[in-house]
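Quick note: the coordinates plus some simple rules give every number you see, no bench work behind them. All values reported here derive from a predicted model rather than from experimental measurement. Cβ placement follows ideal geometry from the backbone for every residue including glycine, while neighbour counts extend to all protein chains displayed.
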């Protein structure tokens with residue numbers, strides 16, 4: 001580690017202890033940020049981890065909706081987002097107002113929101129889901145019509161797995177949308193022994209060519225299998241750091257060097273230190289919205305435990 005980074009890490013760890021803080025990092029964060037975190041994982045997993053800790057301060061190294069989810073589940077804790085401008089383009093493709101308008105067009109529909117959405121959108125929904133449990137959540141619903149927001153590609157993937165009648169909001173993840181079927185064909189030809197694993201936020205034509213379609217947590221578990229020695233990784237390239245760290249000796253091939261989320265790369269060690277020093281920026285979901293959004297997330301968690 002460079003001397004500069006070593007000094008920063010020492011300062012962060014010292015201040016973290018004094019603030020009684022926990023540092024959470026999403027799988028897509030910079031390697032140096034993942035390395036300093038107490039927990040690395042997907043957004044919901046991290047928020048659940050935070051709720052189980054005794055820490056009074058959560059430093060969430062991710063994007064805004066993730067920090068909001070932590071605030072929803074941990075209202076008694078201070079939630080810090082080291083870069084307040086770290087947003088999610090997909091989450092921004094829908095607003096609570098636009099969702100209310102769509103609900104009027106489909107009054108009988110059950111509204112399922114992907115966790116990649118704002119607290120206000122969650123509060124307007126009936127139940128939440130993640131990329132890992134979306135199929136199970138949709139299968140559990142006794143509904144003739146389901147309005148799925150905001151990711152059309154995850155929604156399409158779920159509809160093919162469940163056969164449910166789903167109305168799909170036209171949102172998408174720009175990072176995953178840049179992954180092309182041509183690229184996955186090329187990599188599979190160059191690496192015939194490699195398993196091609198893609199995220200369900202990818203386009204349907206990409207998913208059709210993959211060996212497995214998994215969430216980031218699912219990819220991490222899949223990579224640990226004994227029969228997986230080489231893996232084409234069809235998601236944001238930040239996860240490669242964790243995969244290589246947890247699976248030395250295995251080969252992980254990024255599906256595209258363009259699969260980068262600038263928002264996920266905006267948090268640095270310097271910003272983490274500054275956030276702990278200034279105790280900001282703080283993300284706090286207002287009480288009324290938080291209660292309604294939490295009910296939506298809790299409903300998902302109850303179904304997941306069945």
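The base-10 log of I(q)/I(0) for the range 1-100, evaluated at q = 0.11 Å⁻¹, reads -0.35 [Debye formula, identical scatterers on Cα atoms, solvent excluded]. For the range 125-182, the percent of C-alpha pairs falling in each 10 Å distance bin, counted from 0 to the bin holding the largest distance, reads 22, 56, 19, 3. Principal axis extents of the Cα atoms in the range 211-288, from largest to smallest and rounded to whole angstrom, are 47, 33, 24. Set the Cα radius of gyration of the chain against 2.2 N^0.38 Å, with N its number of residues, and you get 0.99. Each peptide among 77-84, 237-244, 22-29 gets the average number of other Cβ atoms lying within 10 Å of its residues, and from highest to lowest they stand as 22-29, 77-84, 237-244. On the basis of the beta-carbon distance and an R0 of 25 Å, residue 105 and residue 161 show a calculated FRET efficiency of 0.45.
When each of the peptides 220-229, 207-216 is scored by how many other beta carbons lie within 10 Å of its residues on average, the order from highest to lowest is 207-216, 220-229. Projected label points at residue 211 and residue 260, each 7 Å from Cα along the beta carbon direction, are separated by 2.8 nanometres.
Note on the range 104-252: Kirkwood radius taken over Cα pairs, Stokes-Einstein applied at 4 °C and 1.567 mPa s, translational D equal to 80 µm² s⁻¹. Size of the range 164-305: Rg and Dmax of its alpha carbons, in Å, are 18.5, 53.
Among beta bridges from DSSP that stay inside the chain, the antiparallel ones total about 5%. On the principal axes of its alpha-carbon atoms, the range 91-172 has extents of 29, 24, 19 Å, going from largest to smallest. When every Cα-Cα distance of the range 179-254 is counted in 10 angstrom steps from zero, the calculated P(r) takes the values 21, 59, 20, 0 percent. Taking each DSSP H run with n ≥ 4 as -39500 (n - 2.57) and averaging over every residue of the chain yields -13000 deg cm²/dmol at 222 nm.
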